[in-house]
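What follows is calculated from the coordinates using simple rules that are stated; it is not laboratory data. Everything numeric here is computed off the predicted structure, so don't read it as measured data. Because the Cβ atoms are built from the backbone with ideal geometry, glycine has one as well, and the counts that use them run over all protein chains shown.
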Amino acid sequence: MTYQNYSLKQLQQIDAAHHLHPFSDHKELREAGSRIITRANGPFIYDSEGAELLDGMAGLWCVNIGYGRDELAEAAYAQMKELPYYNSFFKCSTPTPVLLSKKLAEIAPKNVNQVFYGSSGSEANDTALRLVRHYWVIEGKPEKNRIISRKMAYHGSTIAATSLGGMDAMHKQLNGAVPNIVHVMMPYAYELALPGESDHDFGLRAAKSVEDAILEAGADKVAAFIGEPVMGAGGVKIPPASYWPEVQRICRKYDVLLMLDEVITGYGRTGEWFAAQTFGIEPDTITTAKALTSGYQPLSALLVGDRIASTLVDKGGEFNHGYTYSGHPVACAVALKNLEIIEQEGLVERVRNDTGPYFAKALQERIAGHDLVGEVRSIGLMGAIEIVKDKATKERFLPSGSAAVTVRDHAIANGMMLRATGDTMILSPPLIWTRDTIDMACERIGKALDLAQVDLRKR
Ligand code: PXG
């Protein structure tokens, strides 16, 4: 029986009875009932009642080539018929992960040429953590194992990924994080810059917090620094241009590995294949997932720099780590086709030269002036809108986070799917958005802000 035989109410009841959703208050969700999305095409998603929503979040930061791409379905179908699964353990390989690895080495920063596969960003970060610690062990420095991360970082939801992340609410439920991970300040100028401090100086100060953490532990105790080039789930926090080169300089000075988490920023989002290229840095590991397949298949790739890879190869010895689905042939076939489409349609260049700048200008000209908006910011096709009660003082509405939810609900009711995190609205649309789609989004967001303003000002 297909889902069309069920009413919305029935699907919601079954959902409530049997399905535990991620990151949800299960009591609240049961009372509200879930929105059931049934199909999608191009930049639009459709719910069970036929409502059409412009998807401002590319699913969950992943559907970079948009929905309804037959080529990806065909690539999966062909691969499933030929070889649906075989593992890459025990000195075996299958063709698609081999070819995908070559492609990834071509588009990655030039010092990055090896790939380790998993099925999710969280898994890839587990791999990254184990790999950098293993690296220092085989380099004869097992005590060099502390990881420096940042407050509000999101690196996934497994125990290792949660430990790497800097979300307090998640740490509270850990009951014991992976040891020896510390968190320093995030490069979030809107709230953390001092009065009169320039963006440039703020970026250097935020980077200095990494150096302070290295000196506090002693450089011989620090394995690596990890960060999202642009913090995603934490609120699209875009660091000043001074930040990443300075972090890289500090890491090199103290011989600390640089790990980038590009699960969101990878595959064109910032107008280059990777944000490492946007910010001009050469990390030792790059965690990627999501848009690697545009979300059509679960797949992650930890891109590993030459420094770590050559030690693994030269010194030998088994790295006791891997997943059943490492290098899954179907997921890799879909990824290959996805990257081919991104390339053929010039989506990375389009974000860099056309839609990215147009998106930035549209947010500035049409959204930033709204009474509820404290700041807009964007990089490539990734943007944020800060919701405030008072533009001048940056005072927020109380309770914290509630105003953004009000804006989001009006946006959804007006055909625009976007995400609220804290007091920030987030946009991370498919890279197929055109100038017209950006215009449509701004119009719908503007309307949502107007309606939210009426609600919020009478509270
Ligand atoms: N790193 C980053 C930077 C991420 O954004 C992960 C790792 C983990 O990936 P997996 O595939 O294990 O989920 C992510 C995931 C949100 C939201 O609310 C963001 C993510 C996942 C779920 C929700 O914005 N990012």
Query - Relative frequency of Cα-Cα separations exceeding 20 Å in segment 131-234, percent - result: 44 percent
Query - Column: log10 I(q)/I(0), Debye, Cα scatterers of the chain, q = 0.08, 0.11, 0.12, 0.13 Å⁻¹ - result: -0.47, -0.92, -1.10, -1.29
Query - Kirkwood hydrodynamic radius of segment 356-448, Cα pairs, Å - result: 13.1 Å
**Report entry** Inter-centroid distance (Cα atoms) of segment 157-183 relative to segment 319-384, Å
**Finding:** 27 Å
Requested in this report: Within segment 323-364, which residues have the backbone N less than 19 Å from the label spot 7 Å out from M80 along Cα→beta-carbon, could you tell me?
Outcome: 325-338
Query raised in the report: Across 10 Å bins from 0, what is the distribution of all Cα-Cα pair distances for segment 71-344, in whole percents?
Result: 7, 30, 36, 20, 6, 1, 0
**Report entry** Amide H partners (placed H, <5 Å) of L299, local residues excluded
**Finding:** K290
Requested in this report: Could you work out the relative contact order of segment 71-344, using alpha carbon pairs under 8 angstrom and six or more residues apart, expressed as a whole percent?
Outcome: 29 percent
Requested in this report: Place the peptides 332-339, 345-352, 175-182 in order of packing, highest mean first, counting for every residue the other Cβ atoms within 10 Å and averaging per peptide.
Outcome: 332-339, 345-352, 175-182
Report task. Counting residues in segment 180-284 as N, plug N into 2.2 N^0.38 Å and put the Cα Rg over that result. Result -> 1.04
**Report entry** Contour excess over end-to-end distance, with Cα ends at D455 and A219 and 0.36 nm allotted per residue
**Finding:** 79.7 nm
Query raised in the report: If you count, for each residue, the other Cβ atoms within 10 Å and average over each peptide, how do 438-445, 164-171 line up from highest to lowest?
Result: 438-445, 164-171
Report summary line: Partner aspartates and glutamates whose C-alpha sits under 17 Å from that of K391, ignoring same-chain residues fewer than 8 away, are E191, E365, D371, E375, D423, D450
Report summary line: Projected area averaged over all directions for the convex hull of the alpha carbon atoms of segment 36-101, nm², comes out at 6.3 nm²
Query raised in the report: How large is the charge dipole for the chain, taken about the Cα centre, if only the Cβ atoms of Lys, Arg (+1) and Asp, Glu (-1) carry charge, to the nearest 20 debye?
Result: 520 debye
Query raised in the report: At V137 and H171, where each label point lies 7 Å from the Cα along Cα→Cβ, what is the point-to-point distance in nanometres?
Result: 2.6 nm
